[in-house]
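Notes follow the structure.
The values are calculated or read from the model by the stated rules, or taken from the named source; none is laboratory data. None of the values given here were measured: they were computed from a predicted structure. So basically every Cβ, Gly included, is an ideal-geometry build from the backbone, and we count neighbours across all protein chains shown.
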Amino acid sequence: MAYLVLVRHGESTWNAKGIWTGWTDVDLTERGKEEAGKAGEALKDIKFAIAFISPLKRAEQTLQEMEKVWGVHLPRITSPAVTERDYGDYTGKNKWQVKKEIGDEAFLKLRRSWDYPVPNGESLKQVYQRVVPYYQQQILPKLKEGKNVVVSAHGNSLRSLVKYLDNIPDEDIAELEIPTGQVLVYSVDQNGKILNKKIRGAV
């Protein structure tokens, strides 16, 4: 049995301002570092073999804050496969201003739905199509070897993976929210089957 731990990065500077970040490379806020530290505290009982992270520094900084708590420096594999959703033309825009402009229903579809198109960006379905094969090819083999894995990534890349792991229907995915600093712990058997799931850290 092994643990697969998914951690959404702590609050970033653009999270704090309500701005869609996407692939823009911004830092954690002080609050974000605190969230990451608390995530680390929630995981002190698990010894990790390896970390998988996105290339964006908010994911790396989150892992670093957790490592400070654990007193270790993990080997890590960085891949754009687990990076945040590309918000295309909405990148850099204030999400609450956009909500006023397009209305509640379109806003919810834009933020949370499965295959809502974003001009010059990605739908959640497109994020899923890069995250899940990466999980199957790179992360799952480590779990089958009995190695505990932590993934430090983003709201939408993790929502995509959770959709797959939890078998969430397309029409229900809009209800899934993963706050900054939240920790999801999956127990996985030697065949890669999910045994259970627990939430630690932020709710």
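Structure above, values below:
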quantity	calculated
Any chance residue 57 is surrounded by 15 or more Cβ atoms within 10 Å (Cβ to Cβ) and free of Cβ contacts under 8 Å to residues at least 40 places away in the same chain	yes
Residue within the range 109-121 that is outside any loop (DSSP other than H, G, I, E, B), more than 19 Å from residue 173 (Cβ to Cβ) and out of contact with any Leu (no Cβ under 8 Å at 6 or more places or on another chain) present	no
Condition met for residue 75 (loosely packed, with under 14 Cβ neighbours inside 10 Å and either of a type in the set (Lys, Arg) or closer than 24 Å to residue 176 by Cα (or both))	no
The range 78-105 - residue that is out of contact with any helix residue (DSSP H, G or I) (no Cβ under 8 Å at 6 or more places or on another chain) and aromatic (Phe, Trp, Tyr) and, of those, surrounded by the fewest Cβ atoms within 10 Å (Cβ to Cβ)	96
Output for the range 162-184, where each listed residue is surrounded by fewer than 21 Cβ atoms within 10 Å (Cβ to Cβ) and aliphatic (A, V, I, L, M)	162, 165, 168, 173, 174, 176
Meets criteria (of a type outside the set (D, E, K, R) and within 24 Å of residue 198 (Cβ to Cβ)) for residue 81	no
Within the range 25-54, tally of residues that are β-branched (Val, Ile, Thr) and more than 15 Å from residue 70 (Cα to Cα)	3
Qualifying residue in the range 106-128 (condition: of a type outside the set (Val, Ile, Thr), at pLDDT below 95, surrounded by fewer than 14 Cβ atoms within 10 Å (Cβ to Cβ) and over 25 Å from residue 18 (Cβ atoms))	no
Conditions (1) under 15 Å from the mean Cα position of the chain (by Cα); (2) more than 24 Å from residue 19 (Cβ to Cβ); (3) assigned to a loop (DSSP other than H, G, I, E, B); number of the one not met by residue 192	(1)
Residues of the range 1-54 classified as within 17 Å of residue 84 (Cα to Cα) and in a helix (DSSP H, G or I), total	5
Test for residue 159: is it buried (at least 18 other Cβ atoms within 10 Å of the Cβ) and either in contact with a helix residue (DSSP H, G or I) (Cβ under 8 Å, 6 or more places away or on another chain) or farther than 24 Å from residue 55 by Cβ (or both)	yes
Filter result for the condition that a residue is within 28 Å of residue 118 (Cβ to Cβ), of a type in the set (S, T, N, Q) and in contact with a Pro (Cβ under 7 Å, 6 or more places away or on another chain), over 29, 91, 62, 78	78
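Condition check ((1) touching a Phe, Trp or Tyr at 6+ places or on another chain (Cβ under 8 Å); (2) closer than 12 Å to residue 3 by Cα) across all residues:
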| residue | (1), (2) |
| --- | --- |
| 152 | yes, no |
| 172 | no, no |
| 188 | yes, yes |
| 193 | no, yes |
| 197 | yes, yes |
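So that you can scan it fast, the table gives a plain yes or no per residue for (1) part of a loop (DSSP other than H, G, I, E, B); (2) over 22 Å from residue 77 (Cβ atoms); (3) in contact with a Pro (Cβ under 6 Å, 6 or more places away or on another chain); (4) touching a residue at least 12 places away in the same chain (Cβ under 8 Å):
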site	(1), (2), (3), (4)
136	no, no, no, no
139	no, no, no, yes
180	yes, yes, no, yes
200	no, yes, no, yes
